[in-house]
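Inspection log for the structure reproduced underneath, given as C-alpha cells.
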Amino acid sequence: DCDLTGSVTVQNTVSGFTLSGFDIDDYVTFSGNSGPLVLEDLYVHGSSGIRVMNHNGSIKVNQVKAEDNNYRGASLDNTASSSAGVEVKNSSFNFNTIVGGYYAGLTILSNGPVTLDGVSASNNNGDGIDVYDAKSLTIKNSIFSNNFTEPDSMVWGYGMFIPLGYTNAAVTVSYTHLTLPTKR
C-alpha cells in the first residue's frame, strides 16, 4: 500500500474508475462519474471517509477499511443509474462519527441489487448500515454491533436501518450478527 496524506477527489469520469492500494489519511470523494467504480485494498481514516455521489454505474468495494473517521465511514450513492448494483465484500466501517452528530458506518443508496458479504459496521455513533431503495438486498457473513448514539437518540444507533421504499424488494440475511442500540 502507498501512504497518502490528503484527500482524493474524482469527478466526471465516463468510462469507470478503479482506486486500489492506498492508505489515505483524509477522505475520498467521487462525484458525477459513470461506468464501473471499483474500490479495493484501501484504508481511509481521519476525516470524512469515502463518499460516492451521483454515480451512474455499478460500485464494487472489496478489502476496504473506512474507520476512525470524524463523520461517516462510507456513503455509496449510485441512484443516477436506474438498475446498477452495489457489492461490498470483506470490508469494515467501524469507529466512525468521532466528532459528534450521527452517521452510519456504511450508507448505500441504490436502485439496483445490493450485496454485502463479510462486512463489519460496528461501534459507530449512528447506525451500522443504512440501505435505501435497493431492488434487492443480500447480507451474509457480516456483523453490525455496538453502534450507539451520544447524545442519546431514539432514531439512531441501530445495527441495520433498511428503508427500501414502496417496492417489493427481496431481502436475504444469513450468518449475520446484530445488536440493539447501546449507550456509551
For this session: Could you do me a favour and compute the accessible area per residue for the chain, 1.4 Å probe, result in Å²?
Result: 46
Exercise. Considering lysine pairs in segment 44-184 that are 8 or more places apart or on different chains, how many have Cα atoms under 24 Å apart?
Worked result: 7
Exercise. At N90 and T29, where each label point lies 7 Å from the Cα along Cα→Cβ, what is the point-to-point distance in nanometres?
Worked result: 3.1
Exercise. Could you give the distance between the Cα centres of segment 132-152 and segment 1-48, to the whole Å?
Worked result: 23
Exercise. Kirkwood Rh, Cα Rg: Rg to Rh for the chain?
Worked result: 0.95
Exercise. By what distance, in whole Å, do the Cα atoms of segment 24-90 stretch along each of the three principal axes, largest value first?
Worked result: 32, 22, 13
Seminar exercise, completed: Residues whose modelled amide H sits under 5 Å from the amide H of S120, counting only those 5 or more places away in sequence or on another chain, are S91, S92, F93, I143
Problem set entry | Rounded percent of accessible protein surface that carbon and sulfur make up, segment 1-138, 1.4 Å probe | 43
For this session: Considering Cα pairs under 8 angstrom that are at least six residues apart, work out the relative contact order of the chain and quote it in whole percent.
Result: 13
For this session: Pick out which of D25, D68, D77 has the largest mean-square fluctuation in a Gaussian network model of the chain, springs linking Cα atoms closer than 10 Å.
Result: D25
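The values are calculated or read from the model by the stated rules, or taken from the named source; none is laboratory data. Keep in mind the model is a prediction, meaning the values are calculated, not measured. Every residue, glycine as well, gets a Cβ built from its backbone with ideal geometry; the counts of neighbours run over all protein chains shown. Only protein heavy atoms, including side chains, enter the accessible area calculation; ligands, DNA and RNA are left aside. Shrake-Rupley method; radii C 1.70, N 1.55, O 1.52, S 1.80 Å.
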